[in-house]
Amino acid sequence: MPAEPQPDRSLAAAAQRFLASLSLRDVSESTVLNYGKDLAQFADFLAGQDGHPPVVDKITRLRIREFMADQHSRGLTQATLARRLSALRAFFDYLVREEGLPSNPARTVSTPKIPRKLPPVMNAEDANRLVDQVSYEGKRDRFEDKVLRDRLIFELLYGAGLRVSELVGLDVDDLDTRERWIRVRGKGRKERQVPYGARAGEALDRYMAVRARLGPPKDMRALFVHRWGGAFRRLTARSVGSIVKKYAQACAGDPSLHPHSLRHAFATHLLSEGADLRAIQELLGHASLSTTQRYTQLSMQQLMKVYDASHPKA
């Protein structure tokens, strides 16, 4: 019998097979896109060094370290460097597992240390004021439909602590309006149940009337939809980011706020009101409690600010 043809061993071809395998495993589109960019940067670096297209079997740990040093010299953040290395590790793991590469040359390269930077968090009063200002109460004009959509976006980001990717991934069938529960598909497509409050319920009822009026086709199950190019499409994470930034600038004078700011506020305010850390972990969909514990540091920072401002011996 003739031998089976061997796959193309060039880095570019192997990278395409790896990225295709990620898509089959329900890895998020943003991860596939970022890994693709990281591998393209690596391929460009090796081609520039060697003068010819790189072959995966000849890539060594030393070449990966040289690539990381080159990226560091370009002023990339530690977080970006860590993601580049993570992409390379996942890529070579795939080659070892699926295509017979003897070992993973990226596995023993040291991971850049990412400084623990805690994001600023709005206090509860400011967060509620921001959400309440996303309103056209008592008014009617051509922007009302969008404002009712935007109000629900804010209510779910702050009131349910959703990631922006989880928010735009919601379908109409994911909401139990009687019991006020949301089925959320988080990282790795893991599902969890998240409750939402009465104000979010009111915003949902008003938005669903808007959605019905827009008239998307029956097979369009996305909760948040918009018209683009004459067709209905699911609202994107980038669009939600722009919506949050617009209201944050107009209502709070702070264009630095983004969807994740509201998720941080959700968790921090729950903790400051005495919610159990394990319960917050479940609500946020964190795989590890250590990730949730970052919010205890945020709460301690807030307590220290109150102490410093109020105690006579501070």
So residue 122 ticks every box in (1) modelled with pLDDT under 90; (2) surrounded by fewer than 19 Cβ atoms within 10 Å (Cβ to Cβ) but one. Which box is left unticked?
(2)
Based on this model, can you work out whether residue 78 counts as buried (at least 16 other Cβ atoms within 10 Å of the Cβ) and in contact with a Lys or Arg (Cβ under 8 Å, 6 or more places away or on another chain)?
no
Is it the case that the stretch 83-95 has a residue that's of a type in the set (S, T, N, Q), in a helix (DSSP H, G or I), open to solvent by 40 Å² or more (accessible area, probe 1.4 Å) and at pLDDT 90 or above?
yes
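One line per residue, one yes/no per condition, for (1) farther than 26 Å from residue 226 by Cα; (2) open to solvent by 80 Å² or more (accessible area, probe 1.4 Å); (3) modelled with pLDDT of 75 or more:
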residue: 246; (1), (2), (3): no, yes, yes
residue: 249; (1), (2), (3): no, yes, yes
residue: 271; (1), (2), (3): yes, no, yes
residue: 283; (1), (2), (3): yes, no, yes
residue: 288; (1), (2), (3): yes, no, yes
residue: 301; (1), (2), (3): yes, yes, no
Expected single match for more than 30 Å from residue 72 (Cα to Cα) and either over 24 Å from the mean Cα position of the chain (by Cα) or modelled with pLDDT of 90 or more (or both) among 165, 135 is 135
Qualifying residue in the stretch 248-265 (condition: part of a strand (DSSP E or B), among the basic types (Lys, Arg) and in contact (Cβ under 8 Å) with a residue 24 or more places away in the chain):
no
Is it true that some residue in the stretch 172-184 is surrounded by 13 or more Cβ atoms within 10 Å (Cβ to Cβ), part of a loop (DSSP other than H, G, I, E, B) and touching a Phe, Trp or Tyr at 6+ places or on another chain (Cβ under 6 Å)?
yes
Does residue 145 satisfy the condition of being modelled with pLDDT under 90, surrounded by 14 or more Cβ atoms within 10 Å (Cβ to Cβ) and acidic (Asp, Glu)?
yes
So residue 267, is it within 30 Å of residue 178 (Cβ to Cβ), modelled with pLDDT of 85 or more and open to solvent by less than 70 Å² (accessible area, probe 1.4 Å):
yes
Just give me the residues in the stretch 42-61 being more than 22 Å from residue 99 (Cα to Cα) and either open to solvent by 50 Å² or more (accessible area, probe 1.4 Å) or in contact (Cβ under 8 Å) with a residue 60 or more places away in the chain (or both), in sequence order.
44, 48, 49, 50, 51, 52
Taking the stretch 174-192 on its own, how many of its residues are polar (S, T, N, Q) and within 16 Å of residue 158 (Cα to Cα)?
0
Restricting the search to the stretch 243-273, which residues are among the hydroxyl-bearing types (Ser, Thr, Tyr) and under 16 Å from residue 151 (Cβ atoms)?
247
Please go through the stretch 16-33 and pick out each residue that is open to solvent by 50 Å² or more (accessible area, probe 1.4 Å) and closer than 14 Å to residue 83 by Cβ.
28, 30, 33
Please go through the stretch 263-297 and pick out each residue that is under 18 Å from residue 188 (Cα atoms) and hydrophobic (A, V, I, L, M, F, W, C).
283, 284, 287, 289
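The rows are residues; the columns are (1) under 30 Å from residue 288 (Cα atoms); (2) of a type in the set (D, E, K, R); (3) in a helix (DSSP H, G or I).
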position: 150; (1), (2), (3): no, yes, yes
position: 155; (1), (2), (3): yes, yes, yes
position: 162; (1), (2), (3): yes, no, no
position: 206; (1), (2), (3): no, yes, yes
position: 210; (1), (2), (3): no, no, yes
position: 216; (1), (2), (3): no, no, no
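The values are calculated or read from the model by the stated rules, or taken from the named source; none is laboratory data. Everything numeric here is computed off the predicted structure, so don't read it as measured data. Positions of Cβ are generated from backbone atoms using ideal geometry, with glycine treated the same way; all protein chains shown enter the neighbour counts. The area values use the complete protein model at the heavy-atom level, side chains included, leaving out ligands, DNA and RNA. Shrake-Rupley method; radii C 1.70, N 1.55, O 1.52, S 1.80 Å.
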